[in-house]
Amino acid sequence: MLKFDEEKQIASVQGALALRGRIEAIVDDICRAGFKNICWLGIGGTYASCLQAEVHMKERSTLEFFVENAAEYLITGNRRVGEGTVVVISSVTGSTIEMVDAVKKAQADGARVLGFIDVETTELAKRMDWEIAYPANEQLKFFMVADRLMFRHGEFPEYEEYYAQLDAHLAVDLAEVEKAADAFGLAFAQKHHDDKLHYFVGAGNQYGSTYSYAMCYWEEQHWIRTKSIHSSEFFHGMLEIVDRDTPVTVFVGEDSQRPLSERVVRFLPRVCANYTVIDSRDYALPGIDERFRGNLSHLVTHAVTQRIDAHIEAINRHPMEIRRYYRRLDY
C-alpha cells in the first residue's frame, strides 16, 4: 500500500492506549482533590479535538465543562476559568504562541493544566501541572481523560469493559480499516485532488474531525480550498449553493447525532451528482461491541481519510509537510 506502515500504526495506537494508567492516576488525583470545572483549551486542530471531547461528554455527563479557543481566551477571557479549573490541552510542538500564552493566562487566573505535549523539553511542557509526552493520537488521549472523569463521576459504568476491548482490538482494527479503505481513498483522490472548492459536512464527534480535516489537512497541507459545516446547519444556508457539480463529502458517524448527517445524505441526491458519503458503519471493528462504536467512529473515518491524504499527496506531488507561511513568517 502507498505510504502505509502497518506495524508503526498499530504500535502508535497501542502506545497511546498504554498511557491510560498514567491518565487514570492523574484524573483520580484531580477528582480526590476536587475541582470546579474542566476547560478543554485548544487552537486550530487541537481546538477541533476539544470540540470532539465536548460532544462526547455532553450527553453523558453532568460535570461542568466547556471549550475555549486559545486566541479568543487571550482577548476576551472567561470568568469561569479560575481557582478549581482544570484545563486540558494538547500540543505537538509545545511552541504554538497562542497555546503558550493562554496557558500562562489560565495559570495566572488560578487554573491548573493537564497537557499532552509531544516534545517534553519545551517551555510549554515545563509549565504543565501534569504532563504526558506521547506523539499523535490526540483524540484518543482526550477521550481517555473524559472517560475517566465520567467514570469517577459514576457516569460510565462500562468503563472497564470498554477499555478492555480497546486494549485488545482497537489498534489492529484501525489498521485494517486503513487497508480496507485504500481503494476508496485512491478513487476519491483521483476525482477530487484538483477541486477548486470542496465542502465537508459532519455532526457529533465527526464534526470536530470534519472541521479539522478541512482546515488542517486540505487547506494547510494540501492547499485545496474547503469549507466545513455542521450537519445541523446544512439546511440553513449551504443547501442553496449546492448544485449538480458541487463537491460535497458527508462524514456519518454512529453516535447520537448520526440522524443529522443522515438527513443531509437523504437530501443530496436530489440536487447533487458529485457527493460522497464516508460512513464509519461501513467498516468492521472486530472485538468492539456495537454499543461502543459510536465513541470511536471519528477514529474510523480518520483512518479512511489517511488513505485519501496519502494518495492526494502522491498525485499532486506535494509533500504534506511543506508550508507556504505557517512558521515561516511572523504574523
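Please report the carbon-and-sulfur percent of the accessible area for the chain; probe 1.4 Å, protein heavy atoms only, DNA, RNA and ligands left out.
Carbon and sulfur together cover 49 percent of it.
Hey, rough spin-label estimate for residue 11 and residue 28, points 7 angstrom out along Cα→Cβ, what's it come to in nanometres?
3.0
Would you work out which of 119, 166, 97 lies farthest towards the positive end of the dipole of the chain, given +1 charges on the beta-carbon of Lys and Arg and -1 on that of Asp and Glu, about the Cα centre?
So the residue we want is 97.
Put +1 on the Cβ of each Lys and Arg and -1 on the Cβ of each Asp and Glu in the stretch 1-159; which of 134, 48, 77 then has its Cα farthest toward the positive end of the dipole?
77
With each run of n ≥ 4 DSSP H residues scored as -39500 (n - 2.57), what mean residue ellipticity at 222 nm is computed for the chain after dividing by its residue count and rounding to the nearest 500 deg cm²/dmol? Could you put the intermediate results ahead of the total?
Working: 13 runs with 149 residues, N = 331.
Calculated at 222 nm, the ellipticity per residue is -14000 deg cm²/dmol.
Placing unit charges on C-beta atoms (Lys and Arg positive, Asp and Glu negative, everything else neutral), compute the dipole magnitude of the chain about its Cα centre in debye, rounded to 20. Please report the intermediate quantities before stating the final value.
Working: 37 positive and 50 negative charges, 145 e Å.
For this selection, approximately 700 debye.
For the Cα atoms of the chain, what angle does the longest principal axis make with the long axis of helix 138-152, in degrees from 0 to 90, nearest 10?
50
Cut-off 10 angstrom, C-alpha nodes, Gaussian network model of the chain. Which of 255, 195, 309 fluctuates the most?
Checking each option, the largest mean-square fluctuation is seen for 195.
Please report the base-10 log of the normalised intensity I(q)/I(0) for the stretch 234-331, using a Debye sum with one equal scatterer per alpha carbon and no solvent, at each q in 0.19, 0.22 (1/Å).
Values returned for q = 0.19, 0.22 Å⁻¹ are -1.02, -1.09.
For the chain, with every protein chain kept in place, what is the accessible area per residue (1.4 Å probe, Å²)?
Numbers: 14850 Å² over 331 residues.
I get 45 Å² per residue for this part.
From largest accessible area down, sort 244, 79, 127, 317; use a 1.4 Å probe on the protein chains. It would help to have the intermediate numbers written out before the result.
Details: 244 155, 79 230, 127 85, 317 190 Å².
Ranked list, largest accessible area first: 79, 317, 244, 127.
Convert each backbone phi in the stretch 11-27 into a coupling constant with the Karplus relation 6.51 cos²θ - 1.76 cosθ + 1.60 (shift: θ = phi - 60°), then list the ³J(HN,Hα) values in order as whole Hz, x for Gly and Pro.
Here the 3J(HN,Hα) series is 5, 5, 5, 4, x, 5, 4, 5, 6, 4, x, 5, 4, 4, 4, 5, 5 Hz.
Quick one: among 92, 103, 271, which has the greatest mean-square fluctuation in a GNM of the chain with alpha-carbon springs under 10 angstrom?
Maximum fluctuation in the GNM of the chain, among the listed residues, is at 271.
Once phi is turned into ³J(HN,Hα) by the Karplus curve 6.51 cos²θ - 1.76 cosθ + 1.60 with θ = phi - 60°, what whole-Hz value does each residue of the stretch 113-130 show in order, with x for glycine and proline?
Listing the rounded values in order: 10, 9, x, 9, 10, 5, 9, 7, 8, 6, 4, 4, 4, 6, 7, 5, 6, 9 Hz.
Report the residue, chosen from 226, 305, 62, that carries the largest GNM mean-square fluctuation when the chain is represented by alpha-carbon nodes joined by springs under 10 Å.
In the Gaussian network model the winner is 62.
Just give me a number: lysine pairs in the chain, eight or more positions apart or cross-chain, with C-alpha atoms less than 16 Å apart.
5
Taking θ as phi - 60°, what are the ³J(HN,Hα) couplings along the stretch 237-245 by the Karplus curve (6.51, -1.76, 1.60), each to the nearest whole Hz, with x for Gly and Pro?
x, 4, 4, 6, 10, 8, 10, 4, 9
The values are calculated or read from the model by the stated rules, or taken from the named source; none is laboratory data. Because the structure is a prediction, the values reported are computed rather than measured. All Cβ positions, even for glycine, are placed from backbone atoms using ideal geometry, and neighbour counts span all protein chains on display. Keep in mind that these areas ignore ligands, DNA and RNA; they rest on the heavy atoms of the full protein, side chains included. Shrake-Rupley method; radii C 1.70, N 1.55, O 1.52, S 1.80 Å.
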